[in-house]
Structure formats: structure tokens, C-alpha cells
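So the structure is just underneath, and the comments pick up after that.
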Amino acid sequence: MNKTTFEPEKTERLRNLAQTLHAEIRGQDHIIPRVVSVLQRGELGLSKVGRPRGSFLFLGPTGVGKTELTQVFTGNLFGLDKLVRYDMSEFQMQESLGLLLGSRPGESGFLGAAYDRTKTGTLLFDEVEKAHPRIMDVFLQMLDAARVTIATGETLDLSGFYIVMTSNIGSAELMILQHSAEATLERHVLSRAQQSLRPEIFARIAEKLVFHRLSYEHQLEIAAKFLDKEIRFLSERGCNVRAAESVLPFLVRKGFHPKLGARPMRDAAEKLVGDAVAGALLLKGCADGCLMADPANDRLKIE
């Protein structure tokens, strides 16, 4: 039997994958080991023949890291250009099947067009519960045999892809049960997902994972991550900026939304820090100094 060998760079990247994901994703430490397990087996050629490299159902409220985690692991393993994302709210009608697979002979559809660009990577289906039942039939083919036939007559081999489905199923109830133990919430969400998705689809997904709500401490950590990126960006452009303690709570107040979670945080950090720097440059011609909150004017400023 031939022994499989791997490039040292790839092996090192897989060894450090958990550390990489922990550095980017906050508040979901219970998720990362299970995701890494699937990814490492997939990248080492240990996936079952005739199946995708791995499959996930990411459950939980909006803005807790489901899409972010998918982007981070795909970027790390393949590059972000290998992430193909579909919003299933756009595939709620029966005619949507033609958009995905082609509606007339000779048409390749969105999936065929993506396959022409790349034969490996990640297929991300956001809000999967909104897809039309006929789209669900396609998911079953993907998960069961990693093969889908499009309108051109070509059968696509999807065994080189990871398949990620995200869903907000059970999120409304999470607000009602927000004081319950995390294990209780996970059981509730998984039960709701099993009721909402077809049993044969649910059973074929390798990992069904429930993302936790973000505590205030985790919100601060996410704010700190984006603030650090902005400060490094400014440093590369010759601006020596340090942040006061007041900045992170202010960013959380402006960048965390009860319904959207931490999704607005990146834009909030970019805008608020950028506005502060622009104001300092226009006023003094220099942006060096201490970044601090200015609640009276609902902004950040540099002193």
C-alpha cells in the first residue's frame, strides 16, 4: 500500500488550524475542535469516497460567527476566492432550481458557473431553511453522493468541496430561553432543526453545531480584534495611534446589535476610527495620539 505524503507547509497549516480559528472567532470555543476535526480529516484524504470533504450545519442567531468561521477556514485552506456563497432567501420559489442548475439545456446555472471557476473549496448555503423543497433535493444529492447533474447534462463532482449550511432556526426561542443553560439551548435548537429540515438531509450532515450567544466579554474581544486591525492599518501609513480604555465599550455600543449580533462591528470600527483620524489630519495635519471615546458628540476622537 502506498504511503501518502503531504507538503510540510500544508501539514504545518493543519497543525495550527485550531489556533488560527481561535484567534479569529470569539465566543465559540466549543465549536472549533469539532470543525477542525472534520477539516483535518478532509485535507488528509480521510473523507469517505463519494462524499464531500466535509459537511456542516451551523445553527444560531445572526452575527455570532457562523459565516465568519466559514470564511476564515476557507481562506486558510484554499484562499477566499474558493468560497462560493449562496443566500437561500433568493431560492424560495420552484423556479429557483433553474437559477442553481440551469433552466434550459445548455445552461450551467450558478452552481455550474462556480464549478467552472474552481473544482475545490467551500460551498456556503446561508439560511438553508428558506430554500424551496426542490432545492433540498439537490442538497441531498450533494451530501449523499457529492454529485449533481446540471442542465448542460454534465454531472459535477463535488467531492473536492466542503459544504456548509447556516440557519437561524430556533433563534427566536433563544431570546425567550436566554437565561437557560447552554446545553439546554443546544438541545432545543438541534431539535427544532431536526423538525424543520428533512430527516434524510439532517442525518447526512457530518457536524450539526449550535453557536452560542455572545457575552459582553466576547463582544469586547471582537471589538478589540477589529480595533487592533485598524491601528495596525494606520501604523502602516505612518500614524502612531494608541487606544484609551474608553474605546472598546464605545465600539461595542455602536457595533453590536441585539438582532444582528456582532455583524456591524467591523464597519463600525472602520468608520469610527477612520472618522477620528480624518478629523485629526484635517485639523492638525497629524493623527498621532490617543484614540478615545467622545460620548457627548457620539464619536471617537484623537487627542
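Within the stretch 9-36, restricting attention to residues that are of a type in the set (S, T, N, Q) and within 29 Å of MET265 (Cα to Cα), the residue that is surrounded by the most Cβ atoms within 10 Å (Cβ to Cβ) is GLN28.
Which count do you get for residues in the stretch 256-289 that are in contact with a strand residue (DSSP E or B) (Cβ under 8 Å, 6 or more places away or on another chain) and not in a helix (DSSP H, G or I)? Steps first, answer last, please.
Filtering the stretch 256-289 down to residues in contact with a strand residue (DSSP E or B) (Cβ under 8 Å, 6 or more places away or on another chain) leaves 263-264, 272-273, 275-277, 279-280, 287-289.
Retained after the next criterion (residues that are not in a helix (DSSP H, G or I)): 263-264, 287-289.
Summing the residues that are in contact with a strand residue (DSSP E or B) (Cβ under 8 Å, 6 or more places away or on another chain) and not in a helix (DSSP H, G or I) in the stretch 256-289 gives 5.
Of the residues making up the stretch 222-244, those that are surrounded by fewer than 17 Cβ atoms within 10 Å (Cβ to Cβ) and of a type in the set (Gly, Ala, Ser) are SER235, GLY238, ALA244. Of the residues making up the stretch 12-54, those that are over 21 Å from GLY65 (Cα atoms) and either in a helix (DSSP H, G or I) or under 16 Å from the mean Cα position of the chain (by Cα) (or both) are GLU12, ARG13, ARG15, ARG41, GLY42, GLU43. Within the stretch 264-278, residues that are assigned by TED's automatic domain parsing to the domain that holds LEU251 reach partners that are acidic (Asp, Glu) with beta carbons closer than 7 Å, at six or more positions or on different chains, in the pairs ALA269/GLU230; GLU270/GLU230; VAL273/GLU230.
The values are calculated or read from the model by the stated rules, or taken from the named source; none is laboratory data. Computed from a predicted model, the values in this text were never measured in an experiment. Virtual Cβ from ideal backbone geometry, glycine too; neighbours counted across all protein chains shown.
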